[in-house]
Structures are given as structure tokens and as C-alpha cells.
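In what follows, a structure is listed as C-alpha cells, so that the remarks can point back to it.
The values are calculated or read from the model by the stated rules, or taken from the named source; none is laboratory data. Since this is a predicted model, take the numbers as computed values, not measurements. As a convention, Cβ positions derive from the backbone with ideal geometry for all residues, glycine included, and neighbour counts pool all protein chains shown.
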């Protein structure tokens, strides 16, 4: 569902990605792991057709991000930790507004709103203005907006940033449930215990280079530790 081959990207003279490659199969959660500045957000922005790579290729749901950007956008949802909502609108108004971008109208749109409410437990926030919501509830509406059209691929970029323990737990449980429905998730984070809980496979991204890609078991075995965090630190140390 996601294929990345030899991606390069620089901002001016500063390289952000140095030829990274990985694949994510249907029904998998792939953790793109690394510290701030590693290149995680650049990778996801390329997959979302928001940034053009300088070299290499990327495909989402079979569509090339450069040749078929509209088909790519229709096939994915994206959430990052810095997204906001229109404060004067209610949750339902926001979902109705954005649902129409995906061609959802009438009864079908209402069914999808009911579905995301059931999946995420939005409840009373559907009819509450964003200005009156907690940060956790705002993040739920942001996730609901991203999955309203049930995209086969979901990109999550530091999506738990700023969430309290209850909202964070709800989001992690949602990711596990979305995978059980056969969906594909790319989960970008620098919080490795989260990845250890929900990811099937991981990639270690450091200074624009992908140091490792494989299962959690393979990561622990390769770097001789029972901790994903220690495995990443060892990989980064060896690379340096």
C-alpha cells in the first residue's frame, strides 16, 4: 500500500532525506521512528503530495505521488500534531464541511459521521463548538476528519503530541482497531514505547538515512537488546 524507493529531498543545501526506501503492506502499522529533524515529517509530506522529492519514487495505494496526486489524496488521511480546527464550528459542521470534499453527501455522509463517532467516541462534541472542546476532543475530531472517507492508508505524524493520557490511549486503541479492518497506517513518532505497542514493523530514520527497516523482533535481535529504544540508540551510534 505504501512503496518508497530511493527518496531524496533537500531544503537549500540541507539534506532532509538521503535515499530512503521501505514498503508497507495492507493491514500493517509501520512505525517511522526517529528524533526531531530526522526526516519523518518530510517523508510523510511527500507521501501526502504536499512536498515534491528531489529524487526517487513513492506510491500510495498503487498511485505515484508525482503522476497521480489527486488519486493519492483520495486514498489517504493525514493527521499531525499541529493541526487545528475552525473554532466557531461544531464537530458535526466540520465533518460535514470536509466530508463534501470526499464526495460524501446526504445519508451516506450522515452514516460516516455516525461511524467515526462510534469508532472514536466523540459524543457530545459533535454538537459543541471547537472553542469549547478539550485538546483531547479536538484531536479526536481531527482524526475523525482524516478517516471520514475510510481511506486505505492513514498517515499519523506525531499525532499524540500534547494529548493527555486518556486521549493518547484512545488514539492508540483506534490505530490498533483500524489495522484490524485491513487498513494501512504509517505512524511517525519519536516516542518509541508507543511504536513498541502498536507497530508491526519499524524503520529507524536518523539524519535523513533509514538505518533499519523490519519487524520489532528483528530490530531487537539485530542490535542485541530487548528494548526498541535501546535498539534505535545503538543503530544511531553505530551510524555515527
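Numerical summary
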read-out	value
Any hit, region 36-51, residues being more than 25 Å from residue 191 (Cα to Cα) and surrounded by fewer than 17 Cβ atoms within 10 Å (Cβ to Cβ)	no
Filter pass, residue 181 being at positive phi and assigned by TED's automatic domain parsing to the domain that holds residue 13	no
So residue 124, is it farther than 24 Å from residue 199 by Cα and either surrounded by 16 or more Cβ atoms within 10 Å (Cβ to Cβ) or at pLDDT below 95 (or both)	yes
Filter pass, residue 134 being closer than 30 Å to residue 40 by Cβ and at pLDDT 90 or above	no
Scope region 55-67; condition surrounded by 17 or more Cβ atoms within 10 Å (Cβ to Cβ) and touching a strand residue (DSSP E or B) at 6+ places or on another chain (Cβ under 9 Å); matching residues	58, 59, 60, 61, 65
